[in-house]
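Q: One structure coming up, written as structure tokens, with questions to follow.
The values are calculated or read from the model by the stated rules, or taken from the named source; none is laboratory data. None of the values given here were measured: they were computed from a predicted structure. Cβ atoms come from the backbone with ideal geometry, glycine included; neighbour counts cover every protein chain shown.
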Amino acid sequence: MRAVKLLDARRVEVRDVPDPCPEGEEVVVRIEAGAICGSDLHGLYERPGEKLCIPGHEAAGVVVAVDRPRQFKVGDRVCALAFNACGQCDLCRAGYVAYCRAMRAVHGFSRDGFHAELARIPESALLSLPEAISFEEGCLILDPVGTPYHSLQRMGVNAVHTVGVFGLGPMGLGAVLVAVHLGARVIGVDPISFRRNLARKLGAVETVDPAAVDVVKRIRELTNGYGLDRSAECSGKPEALHAALDLARPFGHVAIIAESAQATIRPSDHFNRKEILLSGSCCFPLGEYGDIIRMYAVGLRVRDLITHRFPIEQAAEAYAVFAEGNTGKVIFTHG
Ligand SMILES: [Zn+2]
Ligand SMILES: [Zn+2]
């Protein structure tokens, strides 16, 4: 089969590698759509050195070969999770497989991922994908739809809220899409005009360019001094989290969705005197899959997140285009 290999920083090649074989409860899935994620860029593509695993952790496809399956059969449509979790610990049993206490591997990082024609995946990492959801929409469930959905749910986002989304990469754009779907008034923040425009297309009522204006001042103006009820930090930038905390109204809630190593807070201003809640997450629990599927069924415009489609043979171009920043979601598909 053909598969993407990351040979060095910004060096991508598509190679012939042996087809995976099914083994026990691990089935082989033909990848019909796979997405490139921000974590593929920062965690793999931009880092020096050859990466041993095939990248990619967001995919949907069809089961094409099985050995001793318990759940899936050849021909089943599936959405893949990145996590090969133990299935036994308390967190797995609660559906929080991303936080498994005995994680075996993560596709695309510590075992072969989905930027390939085929992938061998444990059944426990597969979810059944309904007929009504296309593969390209299905491959976006794991990260850009499911992760923000979970964070917005934890914050109880609803139609009386003004929600700030800081960072309008795919995760932030997904947060805009879902928050708008939940009825919130959304203000998006990003320095890239392509992404601000896309956020408005997805339903954000206002967007702010942090390179051009003082974000805190501008959003205070846009909210008549009230501030933000809820915020999703999707940029990974310490100053964005700081702005979100500054802008949170008393008893507001901020969720950290983007990865970042550090940030500064002002505990007295942000917490003692405003009683803000701060949460974070990197995936949705399996128990929310049904809700996410129902959101698709009632018209969540997931397809609008996708701006670029490439066959896997053009992986080098796909990664380069995504890294440039003038995109929504970039996916591999057969077209
Ligand atoms: Zn991802
Ligand atoms: Zn576990």
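Q: Looking at GLU50, GLU26, can you tell me which residue is over 22 Å from the mean Cα position of the chain (by Cα), exposed (fewer than 15 other Cβ atoms within 10 Å of the Cβ), touching a residue at least 40 places away in the same chain (Cβ under 8 Å) and farther than 14 Å from ALA116 by Cα?
A: GLU50
Q: Is it true that VAL106 is within 28 Å of SER235 (Cα to Cα), within 15 Å of ligand 1 (Cβ to nearest atom) and surrounded by fewer than 22 Cβ atoms within 10 Å (Cβ to Cβ)?
A: It is true that VAL106 is within 28 Å of SER235 (Cα to Cα), within 15 Å of ligand 1 (Cβ to nearest atom) and surrounded by fewer than 22 Cβ atoms within 10 Å (Cβ to Cβ).
Q: Provide a single number: the residues in the range 140-179 that are closer than 28 Å to PHE114 by Cα and not polar (S, T, N, Q).
A: Matching residues across the range 140-179 total 23.
Q: Return a yes/no flag: does the range 115-136 have any residue that is polar (S, T, N, Q) and either within 16 Å of ligand 2 (Cβ to nearest atom) or under 18 Å from the mean Cα position of the chain (by Cα) (or both).
A: Restricting attention to the range 115-136, the residues satisfying the condition of being polar (S, T, N, Q) are 124, 128, 134.
When the remaining residues are screened for being either within 16 Å of ligand 2 (Cβ to nearest atom) or under 18 Å from the mean Cα position of the chain (by Cα) (or both), the result is 124, 134.
For the range 115-136, residues polar (S, T, N, Q) and either within 16 Å of ligand 2 (Cβ to nearest atom) or under 18 Å from the mean Cα position of the chain (by Cα) (or both): present.
Q: Follow-up. Kindly indicate the residue of the range 136-149 that is more than 12 Å from ligand 1 (Cβ to nearest atom) and of a type outside the set (Gly, Ala, Ser) and also surrounded by the most Cβ atoms within 10 Å (Cβ to Cβ) among those meeting that condition.
A: Across the range 136-149, the extreme among qualifying residues is TYR149.
Q: Out of VAL63, VAL14, VAL28, report the one residue that is assigned by TED's automatic domain parsing to the domain that holds PRO311, of a type outside the set (Gly, Ala, Ser), part of a strand (DSSP E or B) and in contact with a Phe, Trp or Tyr (Cβ under 9 Å, 6 or more places away or on another chain).
A: Only one candidate passes the filter, namely VAL63.
Q: Being over 22 Å from ASP291 (Cβ atoms) and either aromatic (Phe, Trp, Tyr) or near ligand 2 (Cβ under 9 Å from one of its atoms) (or both) is the filter here, so list the residues in the range 73-86 that pass it. Let's see the steps before the verdict.
A: Taking the range 73-86 first, the residues over 22 Å from ASP291 (Cβ atoms) are 73-75, 84, 86.
Hit for the range 73-86 is CYS86, nothing else.
Q: What tally of residues in the range 161-215 results from selecting those that are more than 14 Å from ALA258 (Cα to Cα) and assigned to a loop (DSSP other than H, G, I, E, B)?
A: 16
Q: Can you tell me which of GLY61, GLY56, GLY34 is within 23 Å of the chain's Cα centre (by Cα), surrounded by 16 or more Cβ atoms within 10 Å (Cβ to Cβ), away from ligand 1 (no atom under 16 Å from the Cβ) and at pLDDT 95 or above?
A: GLY61
Q: Follow-up question, since we're still on this one. Do we have VAL208 as out of contact with any Asp or Glu (no Cβ under 9 Å at 6 or more places or on another chain) and either under 21 Å from GLU137 (Cβ atoms) or without any contact (Cβ under 8 Å) to a residue 24 or more places away in the chain (or both) here? Talk me through it step by step, then tell me what you get.
A: Numbers: out of contact with any Asp or Glu (no Cβ under 9 Å at 6 or more places or on another chain): no; either under 21 Å from GLU137 (Cβ atoms) or without any contact (Cβ under 8 Å) to a residue 24 or more places away in the chain (or both): yes.
No: the conditions fail for VAL208.
Q: Separate question: Test PHE114 against the criterion of being modelled with pLDDT of 95 or more, aromatic (Phe, Trp, Tyr) and away from ligand 1 (no atom under 16 Å from the Cβ), and give yes or no.
A: No: the conditions fail for PHE114.
Q: What about ASP40, is it in contact with a Pro (Cβ under 8 Å, 6 or more places away or on another chain), in the same structural domain as LEU6 (by TED's automatic domain parsing), within 16 Å of ligand 1 (Cβ to nearest atom) and charged (D, E, K, R)?
A: Values: in contact with a Pro (Cβ under 8 Å, 6 or more places away or on another chain): yes; in the same structural domain as LEU6 (by TED's automatic domain parsing): yes; within 16 Å of ligand 1 (Cβ to nearest atom): yes; charged (D, E, K, R): yes.
For ASP40, the condition - in contact with a Pro (Cβ under 8 Å, 6 or more places away or on another chain), in the same structural domain as LEU6 (by TED's automatic domain parsing), within 16 Å of ligand 1 (Cβ to nearest atom) and charged (D, E, K, R) - is met.
Q: While we're here: Please indicate, with yes or no, whether at least one residue in the range 115-123 is in the same structural domain as GLN88 (by TED's automatic domain parsing), surrounded by fewer than 20 Cβ atoms within 10 Å (Cβ to Cβ), out of contact with any helix residue (DSSP H, G or I) (no Cβ under 6 Å at 6 or more places or on another chain) and within 19 Å of GLU288 (Cα to Cα).
A: yes
Q: Now for a different question. I'd like to verify a number: residues in the range 72-125 that are within 25 Å of PRO311 (Cβ to Cβ) and either without any contact (Cβ under 8 Å) to a residue 24 or more places away in the chain or in a loop (DSSP other than H, G, I, E, B) (or both), how many?
A: Residues that pass the stated criteria total 12.
Q: Step by step: first the residues of the range 222-276, then only those that are surrounded by 16 or more Cβ atoms within 10 Å (Cβ to Cβ) and among the charged types (D, E, K, R), then the one that is farthest from ALA199 (Cα to Cα). Which residue is that?
A: LYS274
Q: Do we find that LEU152 is of a type outside the set (Val, Ile, Thr), more than 16 Å from ligand 1 (Cβ to nearest atom) and either at pLDDT 95 or above or surrounded by 24 or more Cβ atoms within 10 Å (Cβ to Cβ) (or both) in this structure?
A: So LEU152 passes the test.
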